[in-house]
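What follows is one structure encoded as structure tokens, with my remarks underneath.
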Amino acid sequence: RLDYESRQEMKKIESYYADFNTLYTRIMFSTIVVTLLFIMSTGALVLFNSRKILRDRQQAQRQLEVSERHYRRLIENVTDIITIVTADGTITYTSPAAERLFGLTIEKIIGRNIRDMVLAEDMQGIDIPTLYEQFSGETPMNCRVVDAGGNQQVLETYIHRFIGEDGEQYYILNSRNATLRKKAEEENRKLSMVVEQNPSSIVITDTFGCIEYVNPFFEMATGYTFAEVKGKNPRVLNAGKTPPEVFNKMWTTIKSGDVWQGEFINKKKNGDLYDESVLVIPIKDLDGQITHFVALKENVTELKKARLQAEQANQAKSEFLSRMSHELRTPLNAINGFAQLMLRSKKNPLNEKQAKMVVQIDSAGKHLLELINEVLDLARIEAGKLSLSIETINPCMLIEDCLLLMGNLAQQRGIVINNQCCDKEIALVQADYTRAKQVLVNLISNAIKYNRIDGCVTVYIEVDPSGQLRFVVADTGLGISSEKQQQLFVPFARLSDNSDVVEGTGIGMTITKQLVEAMNGAIGFESELGQGSTFWFTLPFSRQSKEDPYSVAPTVITNEKEVVVEGSDRLILYIEDNPANVSLMESFFEDWQMMHLKTTLSAEEGITIAMEQQPDLVLLDLNLPTLDGFEVFRQLRAHPDTATIPVVAVTADAMKETLHKAARLGFDGFVPKPVDFEKFKMTISDLLKVQF
């Protein structure tokens, strides 16, 4: 039984063992399968994640490469200079912009000290860390460098600090070229100072006229502060005295984009009225649209008063000159006139001694007349009363006319005159013929008078470097010392050592210079003591010969005259209030039997005689006590019986304005006192068609 039970237990144990082995095998197989499945799943997951990580890494690498390319393009093309330096200033990196600025390769820049690139006075011995403390953050540092062209450039630099991989401190310098901006800022600062310190009122408004800015002088001139007028219209200054049409025209003009200039009568804050000259300028943007208006305003109250006083003073001066011309010439007319008549008298000829004395009287009178003419000319020029009649003239004919006048003087002094200007075609010039002749005659006269015995005067022309025609008068005279040359154009300065012997006033060259400049020319000279002098002046070419100054042939001037014949007695009426002048004229006509002179001291009586007797010629003084000569002329021209009678003005008022006025009214002739009787005879001969 024990054995049986043991066997039975053994079978149970074997059964349990078999079941355990079966279960173990199943569990082991299941475990292996599960483990394999887990391992495969984990491997698949790891493989999937590895591939994802690899893809992400590749994408990140590509993005990094793109970012690096963008960074390189940015660094290579940015105009700012990016530089990395150590604490002692050694350059470890710089952007390509530095190459373009300094003209050096990056390799030659790296390793240099930043102080070698910046002007020493801008660094002032300060190290980089100290500069960082001063200019870190948003505060830039300005420094100057010299570019590849040797020009100074202003760099505006921002400084930042970072710690490198080696643990050392480095500094990034971000520099921008601010030269143009600095210049613009300087220009703006200057313009701002001009506006702020301008002695004229400056007002800036918008397009509707609302004030946006006024300068300090506006506040001083008007009494209004900027705060009081800001946003208001400038009409706050309107005194109600300016016509509305002036404002309408101003707005029409400036809104069309044009500049307007005019005057207003305005009122200050305290109520005072003042005249204001205003210039309004439209300000446009780049598209041409008007954005603002700028008004430049100046108080002209005192200026207008001064101008009125100056005009009154000029008028008084002109009247004084006219009066002086008349008062000085009237006695000279008698002196010179009687002297000429005495020298030419056939009925009562002078003996040799008397003739010499009368010649001295005539010479002194002519010299005094020359002095009077030059003084009056100078006063007229200084008074601004010089009137010019600019016309096209032939320089060759001008020189020939002047040399004809100077022939006798040159012959008396044994001077030879060489005319070298008319052997070629001459271009025409623009000038007042009378004044140009006066200038040239004065230069030739001086060249003769201040020459040596048997000397020579040469006259020629050439093209001046300024593009004008130059008239040159060269002499072999005494010359002018360098010490005296600066006084040549000073009034009343006599520079010659023999000035006591040679007659002169000392103002001829002063007048000559002013006349030349009034005709848009220039004058100059070269002189050496003992070697002679060369004087020259220029005149502008005429427009018709401007392109080729020597392509125009000289103008041919003929001297054709009507044939005059002796006729029967002619009645001449002389209206003159000065008995001495009447006596002189009577003495002149005594030698001409065919001329009958009738005189009267009264303007009214002269008109009556002219209407009743209808003379062949009327000689008329312009300065009469009751009616002036111009009014007498008008009445004679207005009456049918006297309208066609020739009238010649015989006057001591030889002002050019008077001559022009007589010409405008239609006088048939103009004879200045003192009378040149040779010219006077020619005038009468031409008008009456008779031969003396």
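Odds and ends about this structure:
- Accessible surface, per residue, of the chain when the full set of protein chains is kept, probe 1.4 Å, Å²: 58
- Across the cross-link table entries Lys108/Lys182; Lys241/Lys268; Lys268/Lys297; Lys598/Lys679; Lys513/Lys679, which are compared at the Cα atoms, the separations over 18 Å belong to Lys108/Lys182; Lys598/Lys679; Lys513/Lys679.
- On the chain, 54 percent of the accessible area sits on carbon and sulfur atoms, based on a 1.4 Å probe.
- The order of the peptides 661-672, 642-653 by mean Cβ neighbours within 10 Å, most packed first, is 642-653, 661-672.
- Pairwise centroid distance, computed over Cα atoms, of the stretch 671-687 with the stretch 396-418, Å: 23
- The helix-only estimate of mean residue ellipticity at 222 nm for the chain, built from DSSP H runs of length n ≥ 4 each weighted as -39500 (n - 2.57), is -15000 deg cm²/dmol after division by the residue total.
- A Förster radius of 35 Å combined with the Cβ-Cβ distance from Leu45 to His70 puts the calculated FRET efficiency at roughly 0.45.
- Relative contact order for the chain: 7 percent, from Cα pairs under 8 Å spaced at least 6 residues apart, divided by residue count.
- Dividing the mean sequence gap of close Cα pairs (under 8 Å, 6+ apart) by how many residues the stretch 195-299 holds gives a relative contact order of 28 percent.
- Extension gain, Phe162 back to Glu187 (0.36 nm per residue minus Cα-Cα distance, nm): 5.2 nm
- Spin-label zone in the stretch 185-207 - amide nitrogen under 17 Å from a point set 7 Å from the Cα of Glu302 along the C-beta vector: 198-201
- Selection of chymotrypsin sites (Phe, Trp or Tyr not before Pro), the stretch 136-243, meeting DSSP coil and at most 12 other Cβ within 10 Å: Phe208
The values are calculated or read from the model by the stated rules, or taken from the named source; none is laboratory data. None of these values were measured; they are calculated from a predicted model. No Cβ is skipped: glycine too gets one built from the backbone with ideal geometry, and neighbour counts run over all protein chains shown. Accessible surface is based on the protein model in full, side chains and every heavy atom, while ligands, DNA and RNA are left aside. Shrake-Rupley method; radii C 1.70, N 1.55, O 1.52, S 1.80 Å.
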